[in-house]
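The values are calculated or read from the model by the stated rules, or taken from the named source; none is laboratory data. Keep in mind it's a predicted model, so treat the numbers as computed, not measured. Heads up, the Cβs are rebuilt from the backbone with ideal geometry, glycines too, and the neighbour counts pull from every protein chain shown. Areas reflect the complete protein model, heavy atoms only, side chains present, ligands, DNA and RNA absent. Shrake-Rupley method; radii C 1.70, N 1.55, O 1.52, S 1.80 Å.
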Amino acid sequence: MEITNVSEYEAIAKQKLPKMVYDYYASGAEDQWTLKENQHAFSRILFRPRVLIDVSKIDLRTTVLGFNISMPIMIAPTAMQKMAHPEGEYATARAAAAADTIMTLSSWATSSVKEVASTGPGIRFFQLYVYKDRSVVTQLVRRAERAGFKAIVLTVDTPRLGRREADIKNRFVLPPNLTLKNFEDLDLGKMDKTNDSGLASYVAGQVDQSLSWKDVKWLQTITKLPILVKGVITAEDARLAVQYGAAGIVVSNHGARQLDYVPATIMALEEVVKAAQGRIPVFLDGGVRRGTDVFKALALGASGVFIGRPVVFSLAADGEAGVRKVLQMLHDEFELTMALSGCRSLKEITRDHVVTEWDHPRIAPRL
């Protein structure tokens, strides 16, 4: 069967993967309301396309933190990719580099920063969880710097792990042949089997629940790399991110895996963009499955989007080729959406190109 869109990879991944692994990637917190909403909310934003514009040449290129990339579509950090495919993060890194875009490596990757760097050139960011033992954090950041990573993506929505009931039912644990490679020689690379989610127990034991804004400042004292704050969904926190020197914000609800009944990220985006007042870029993570979704995010003020689940599902289905295809499909769909909306470059995408149900409830009824 020929794959014609990103969402089709999920069913293939579900067939191929052990239940525990598929459920870990696919599930959200508690009732999974936000999980469904992250995707569905995009359908409540409609287009106002402009016609009779010369769209014979379309430029998707953009810069993120000064790095020039082929499109405003990047790879979000997703943990333990070797559960999806033996090549795991190596395959994802090669696919991102081939597409000329940015990959974010998870702290909880099954390949180390050094191993990922060994795949060849590419622009890579390192996602960071702050552990109770700050010397561990310092070592992780140093290694990321040495491996040529260009930014730190600080996850700020996980003082504790959300309640992911599938993981509890499955007694989720990292398969015995794999380790959290960035922590291997720090004796934190293994996860114990528990009567709960093994990951939830690991987080409770290791991740610092006292993390606060002052730690964003502390991080700036240990690294010169720009720091993106990932997990902001309110104006109040957006203003604090600016105040505390973040280089950018990723509007994210952790793939709906932390607090259920928070808004879809596309619904929270404009509030955050307005609060940031153009002082730092704002990115969106969560629910992006179509080029139309990318356009909608940019029209509402995002500087780019990050994709997570589409990467692990396509990786499970077809390894590096799967991830390449996802990036190519999103690129092509986004380019087509731009053409059909009358936009030749990213700067031509404006708020006037979309209408939302909160602008005019009668025009965009609840679909």
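Matching residues to (1) in contact with a Pro (Cβ under 9 Å, 6 or more places away or on another chain); (2) under 27 Å from Trp358 (Cβ atoms); (3) modelled with pLDDT under 95:
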position	(1), (2), (3)
Glu2	no, no, yes
Val6	yes, yes, no
Ala13	no, no, no
Tyr24	no, no, no
Ala29	no, yes, no
Thr34	yes, yes, no
Phe42	no, yes, no
Val64	yes, no, no
Lys82	yes, no, no
Filtering the range 27-41 down to residues that are of a type in the set (A, V, I, L, M, F, W, C) and open to solvent by 20 Å² or more (accessible area, probe 1.4 Å), which residue is farthest from the chain's Cα centre (by Cα)? Trp33
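Run down Arg160, Arg146, Arg171 and say which single residue is among the charged types (D, E, K, R), surrounded by fewer than 17 Cβ atoms within 10 Å (Cβ to Cβ) and at positive phi.
Values: Arg160 fails: at positive phi; Arg146 fails: at positive phi.
Every option except Arg171 fails the conditions.
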Which of the residues that make up the range 206-253 are in contact (Cβ under 8 Å) with a residue 60 or more places away in the chain, open to solvent by less than 10 Å² (accessible area, probe 1.4 Å) and in a helix (DSSP H, G or I)? Val216, Leu219
So which residues in the range 254-299 are β-branched (Val, Ile, Thr), in contact with a Gly (Cβ under 6 Å, 6 or more places away or on another chain) and either surrounded by fewer than 20 Cβ atoms within 10 Å (Cβ to Cβ) or not in a helix (DSSP H, G or I) (or both)? Ile280
Taking the condition of being surrounded by fewer than 17 Cβ atoms within 10 Å (Cβ to Cβ), touching a helix residue (DSSP H, G or I) at 6+ places or on another chain (Cβ under 9 Å), at pLDDT 95 or above and farther than 21 Å from Leu178 by Cα, how many residues in the range 99-137 meet it? 2
